[in-house]
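S.K.: I have a structure I would like to understand better, so I am pasting it below and will then ask my questions one at a time.
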Amino acid sequence: SHRMLLSPPHLLQASSTNPVITMAERSCCTVKRVVQHVLENPKYYPGPHNLSAPRTTQGLQQLDTTRQMMLIWDALCQYMQESLEGGRSVNIPYFGAFTFENSLHEDGSHPSNPRKAAKHSRPCFLVDDRLKKNLYRYPGKEEIRVGRNDHSVYQSAPRMEFLNVVPIAAGCYYTTKIVTSAITQFFKAVVDLAQRGYNIDLDFGFARVRIFSRALQVAFARRLSDTVNKSHIRTFTPEATSATWKSANLSQSMVGLIERPQSAEVRARRNRTKHLGVMSCDMCSITLQGRALGATA
């Protein structure tokens with residue numbers, strides 16, 4: 001069986017000094033604890049994320065496996081927040097989709113263009129079927145209106161995108177193979193822990209997903225809906241297709257995630273340090289050799 005980091009919830013004994021809320025918080029699996037669980041069970045969560053991987057630039061050092069996965073998690077959260085603030089939905093396999101429930105109404109602030117309407121977006125979370133079957137309560141059909149012919153999350157949610165690991169890998173200076181393995185096995189572990197009745201608390205920054213007693217709750221940051229609704233005044237004039245490829249669509253959050261290192265300077269500094277180490281060894285050997293000759297004389 002899996003090596004668990006925490007005692008099962010039914011083994012925790014209540015007392016006057018440990019109220020129920022404190023016990024729930026203590027037995028809760030945070031992001032770091034889920035990462036530790038994944039790394040301590042390489043048999044059940046195999047992949048290259050179990051080894052310290054070299055970076056794609058020589059200007060950055062390798063990280064241990066825990067810090068490696070935590071860096072990928074931070075990059076994932078920032079990339080998803082940027083996508084959601086741009087009005088795009090993101091689907092995470094094994095976990096669910098962060099999306100919006102949109103409603104349109106006429107906006108009186110634009111009397112010159114009566115065809116313009118304001119789009120009000122309410123953030124919501126659609127649970128993946130693989131996680132849903134391990135929950136007793138979760139946000140259901142009322143989260144988003146689904147059409148009769150919508151059989152996939154990519155059809156029912158607006159501007160739904162598959163989680164793109166390429167910008168995340170570029171921002172962390174890792175290969176896409178490492179990032180894909182880390183993200184996939186992390187959310188597989190979340191499903192496994194939920195199946196075993198563990199409490200889970202995942203802080204994405206823009207939202208907080210909690211699973212307590214197999215009941216899922218999602219709390220979104222107020223600034224997310226404010227940012228989306230502030231910039232979304234939609235017109236019904238279609239955008240030219242050529243506008244989608246004329247300019248590069250780079251992830252600004254990933255571009256500035258880690259300051260780009262000066263690889264040549266860092267490499268030269270490392271070489272100087274190695275040479276200094278070799279020279280110090282030679283000086284020590286010469287000193288010891290001189291002392292030995294002096295003693296024999």
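S.K.: Among the residues of the range 201-211, write down those that are open to solvent by less than 10 Å² (accessible area, probe 1.4 Å) and either without any contact (Cβ under 8 Å) to a residue 12 or more places away in the chain or within 14 Å of Lys132 (Cα to Cα) (or both).
M.R.: Correct list: Val209, Ile211.
S.K.: Residue under question is Gln217, and the condition is that it be modelled with pLDDT of 70 or more, out of contact with any Phe, Trp or Tyr (no Cβ under 7 Å at 6 or more places or on another chain) and under 20 Å from Asp128 (Cβ atoms); does it hold?
M.R.: So Gln217 fits the description; yes.
S.K.: Scanning the range 173-189 for residues that are under 22 Å from Gln58 (Cα atoms) and among the β-branched types (Val, Ile, Thr), which turns out least open to solvent (accessible area, probe 1.4 Å)?
M.R.: Taking the candidates together, the pick is Val179.
S.K.: Take the residues in the range 247-266 that are in a helix (DSSP H, G or I) and either surrounded by 11 or more Cβ atoms within 10 Å (Cβ to Cβ) or within 19 Å of the chain's Cα centre (by Cα) (or both), then tell me which one is modelled with the lowest pLDDT.
M.R.: It comes out as Ser263.
S.K.: Related question: Out of all the residues in the range 161-197, which are touching an Asp or Glu at 6+ places or on another chain (Cβ under 9 Å) and under 14 Å from Val31 (Cα atoms)?
M.R.: Residues satisfying the conditions are Phe187, Val191.
S.K.: What do you reckon, is Pro93 of a type outside the set (Val, Ile, Thr), closer than 27 Å to Ala215 by Cα and modelled with pLDDT under 95?
M.R.: yes
The values are calculated or read from the model by the stated rules, or taken from the named source; none is laboratory data. Since the structure is predicted, the reported quantities are computational estimates derived from the model, not experimental observations. Heads up, the Cβs are rebuilt from the backbone with ideal geometry, glycines too, and the neighbour counts pull from every protein chain shown. For the accessible areas, the whole protein counts, side chains as well, though only heavy atoms, and no ligand, DNA or RNA atoms are used. Shrake-Rupley method; radii C 1.70, N 1.55, O 1.52, S 1.80 Å.
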